[in-house]
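> Could you have a look at this structure, given as C-alpha cells, before my questions?
Since every read-out is calculated from the coordinates, none of them should be taken as a lab result. A quick note: this is a predicted structure, and the numbers were derived from the prediction, not measured. Cβ placement follows ideal geometry from the backbone for every residue including glycine, while neighbour counts extend to all protein chains displayed.
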Amino acid sequence: MRRVLLRAILIAICLGAVGLAWIFGGRRLTLFVDRFGTAEIERIPVTQLGYNGAEMGGLILLATGMLDTTGPDDHPFPLRIAPDANNKLVLTTSGISFPLGELVPASSQEPASTFTVRPNKEDEVSLTVRRSFVSWPTPFEFNFMTGHSPSWKRHRYYELIWKKRSGAQLQMVWRFEQYFYSTDGWTGGDMTREGSTGLIKAEIKP
C-alpha cells in the first residue's frame, strides 16, 4: 500500500513539474517546435503590393492588411525599399537587390509616401499564413483594464514568397501571437510582444 501511495505521489510531482514547465517555458518550447514545421492555414495570391513610409521601417500593404517592416527588437529590419531610376520599386537587404515591380500611378487618396507595384505576369507571388502546432497555457495572465484575459497562446506566421522567372526569390517572414479566449475562441493573429514578434526574416536568393 505504501509503495502504491509513494508511486502515486511521485507521478503527481512529475506531472506537476511538467505542467509548471509548460506554463513558464511553453513559449520557448513552441518556438523550438516551430523551427521544424508549422500548420498552413491558407495561401493567398498577391496581385498588388504597396509600401508606405520611409525607406526603412515602413509598412507593406497587401489586400489582407498591413505588415510592418520592424523587427522584434522594435528597430527597422535591415532592409531598404525605395524606387530606383527605372521607376521600379526595389527591396535591398544584405547587399542584394530584388526588383518588386514597376510602379503604378498612386490614387489621389493615397499619401505621397505610398508606392504601389503589381507583379510581372511571369512572377509567382503569394502570402502564406501558418500557425504553431503547439500552444502554451497562460493561467496567470490578467487584464486589469477589461478583466478578459487569454487562456492560451500560439504563434501565427505570415510568409511572403516572390519568385522571378530568372529563379531569383524573395522570402519575408513575420511572427505574431494569437490569443485564445474561452468565450471567443482564437482571435486574429496580430498581437505583438517585444523581443519576439515582428519581421523575423528577409532573404533574397539570386
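> What order, most packed first, do the peptides 80-86, 127-133 have when packing is the mean number of other Cβ atoms within 10 Å of each residue?
127-133, 80-86
> May I pose another question? Which of the lysines could a cross-linker bridge to K121, judged by Cα under 16 Å and excluding same-chain residues fewer than eight apart?
Within the straight-line cut-off, K121 pairs with K88, K163, K164.
> So, one more: Out of all Cα-Cα pairs in the stretch 31-136, roughly what percent, to the nearest whole number, are more than 17 Å apart? Please list the in-between numbers first.
Numbers: 3439 of 5565 pairs.
For the stretch 31-136, the fraction of Cα-Cα distances above 17 Å is 62 percent.
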